[in-house]
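The values are calculated or read from the model by the stated rules, or taken from the named source; none is laboratory data. In this text, all values refer to a predicted model and were calculated from it rather than measured experimentally. Heads up, the Cβs are rebuilt from the backbone with ideal geometry, glycines too, and the neighbour counts pull from every protein chain shown.
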Amino acid sequence: MADEREDALDQFIDTLLEGGRPAPDGMVDDEAPLAHLAAELAAAGNPDRGQPDPAFVEQLRLRMRDADAGISSVQGWSLPAGAPFHKVRLTRRDLLRVGLGAAAGLAAGAGAISILRPSGPAPLTGNGRPLVRDGEWEVVATLADLPEGAAVRFSTVAFDGYVVNDAGTIRALSSVCTHMGCTLAYREKWQDLRCPCHGASFNLSGELANGSSGWSEGSGYAGDTQAYPIDLPPLVRPKVKVKGDDVLVWTARA
Amino acid sequence: MATSSGSANAHRRFEAIYDEHVTAIHRFVYARVGNRPDAEDLTGQVFMRAVEQLDIDRPAPQISAWLYRVAQNAVADYWRAFYRLPQVGVEQVAASWEPVMPQPDPHADADADRAATAVRGLLKRLPDQYAKVLELRFLHRLSVAETATRLGISHGNAKVLQYRALRKAALLVEADG
């Protein structure tokens with residue numbers, strides 16, 4: 001039994017018990033229920049019973065306030081109208097995988113929304129509200145600063161971000177990572193915005209570039225050997241325009 | 001938040017809903033994924049979705065039901081990655097208001113208590129050595145090496161024992177299913 005299959009499960013359990021984020025890598029199908037059970041056992045064995053970290057609670061509160069103010073890309077989480085979805089047939093194993101006391105949860109999940117699903121390009125409105133309700137155009141760069149493949153940092157009342165020249169298209173992207181809000185850094189070599197905190201990379205369209213969907217086992221991504229484990233929503237994309245030699249971003253009035 | 005009132009008042013009400021539910025939703029998710037980083041991500045997704053889609057003008061029990069439903073869906077999707085099942089995306093469901101399950105009590109530790117009771121019940125039904133290895137590893141959080149020492153067996157045997165104990169426990173859970 002000391003084969004690779006067992007190693008993947010052992011690794012999962014070790015990571016779990018060390019408080020880390022376990023990954024499904026290398027796990028074979030019939031071990032998933034064991035991993036699932038292990039996760040629930042680990043949770044039950046935690047004396048603080050999953051009490052949230054107060055810092056997390058406050059951080060999430062701030063993210064929600066930002067989102068509600070219309071400067072986050074949560075609206076990007078919605079599926080495009082008419083997006084395909086799969087019906088999942090429930091088997092005994094499916095029922096097993098929900099583990100202790102949560103069978104109803106899976107049944108619900110099977111017909112449920114996938115909030116981890118990657119979304120398409122973020123629209124500039126949420127619930128019909130514009131990204132910036134009462135704003136103005138502000139010059140943030142000149143075309144001379146932006147040859148193809150270049151990026152310029154900008155900071156306005158509403159946004160910190162980059163204007164980029166993505167193969168001839170000028171785009172404005174927020175520099176706030178949609179995971180935990182860290183500030184993204186531009187990497188010219190890889191033509192992406194990289195999060196220094198957990199390693200998410202966003203392409204110059206603002207979408208997660210190193211997520212698990214579209215991950216190629218052979219080549220990986222830009223030197224990464226593991227896919228970023230969560231499907232993050234795309235970056236906020238403020239409206240941008242070019243007037244004469246100026247690049248302008250639509251932002252809130254100071 | 002999906003509301004027509006769109007005022008500072010609505011913001012306050014939304015935050016009151018957040019304050020009332022964030023601990024319970026986090027615990028609910030944590031009990032099902034067993035680690036903090038993922039529990040925080042999923043909890044974040046539940047409430048960020050609520051900002052966008054939750055109708056705060058609904059009666060309190062419906063709001064609570066909506067949050068748990070979205071949390072359940074998030075957990076189900078999380079595990080799909082492990083089972084290599086296709087992700088499901090049925091957009092309408094999270095926005096619907098039908099109750100889907102008995103409500104965990106958001107004001108109490110009932111859900112966590114139920115999970116702990118279920119675990120104790122499960123361990124009791126396992127052969128002694130199996131129950132012992134799971135207890136030492138998961139409840140007491142000993143390493144494999146420490147567990148092996150406590151049980152007076154080799155490191156390799158402790159791993160094998162843990163594997164078999166989990167298999168057996170999973171079979172019991174499945175039989176209950």
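Observations on the model:
- Only one entry of A:Thr169, A:Thr183, A:Thr225 meets the criterion of being modelled with pLDDT of 85 or more and of a type in the set (S, T, N, Q), and that entry is A:Thr183.
- Pairs with Cβ under 6 Å, 6+ apart, first in the range A:210-227 and touching a residue at least 60 places away in the same chain (Cβ under 8 Å), second acidic (Asp, Glu): A:Gly211/A:Asp231
- Counted residues, the range A:22-45 - those being assigned to a loop (DSSP other than H, G, I, E, B), at pLDDT 80 or above and more than 7 Å from chain B (Cβ to nearest Cβ): 1
A quick yes/no check of all residues on (1) within 22 Å of B:Met48 (Cα to Cα); (2) over 22 Å from the mean Cα position of the chain (by Cα):
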{"position": "A:Gly149", "(1), (2)": "no, yes"}
{"position": "A:Ile170", "(1), (2)": "no, yes"}
{"position": "A:Ser174", "(1), (2)": "yes, no"}
{"position": "A:Cys182", "(1), (2)": "yes, no"}
{"position": "A:Cys197", "(1), (2)": "yes, no"}
{"position": "A:Asn203", "(1), (2)": "no, no"}
{"position": "A:Gly206", "(1), (2)": "yes, no"}
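- For the range B:15-65, filtered to residues that are outside any helix (DSSP H, G or I) and under 15 Å from the mean Cα position of the chain (by Cα), the residue that is farthest from the other protein chains (Cβ to nearest Cβ) is B:Asn35.
- Count of residues meeting criterion [more than 9 Å from every other protein chain (Cβ to nearest Cβ), of a type in the set (A, V, I, L, M, F, W, C) and part of a helix (DSSP H, G or I)] in the range B:124-168: 9
- Residue check for A:Val242: touching a Phe, Trp or Tyr at 6+ places or on another chain (Cβ under 9 Å), assigned to a strand (DSSP E or B) and more than 30 Å from B:Ala39 (Cβ to Cβ): no
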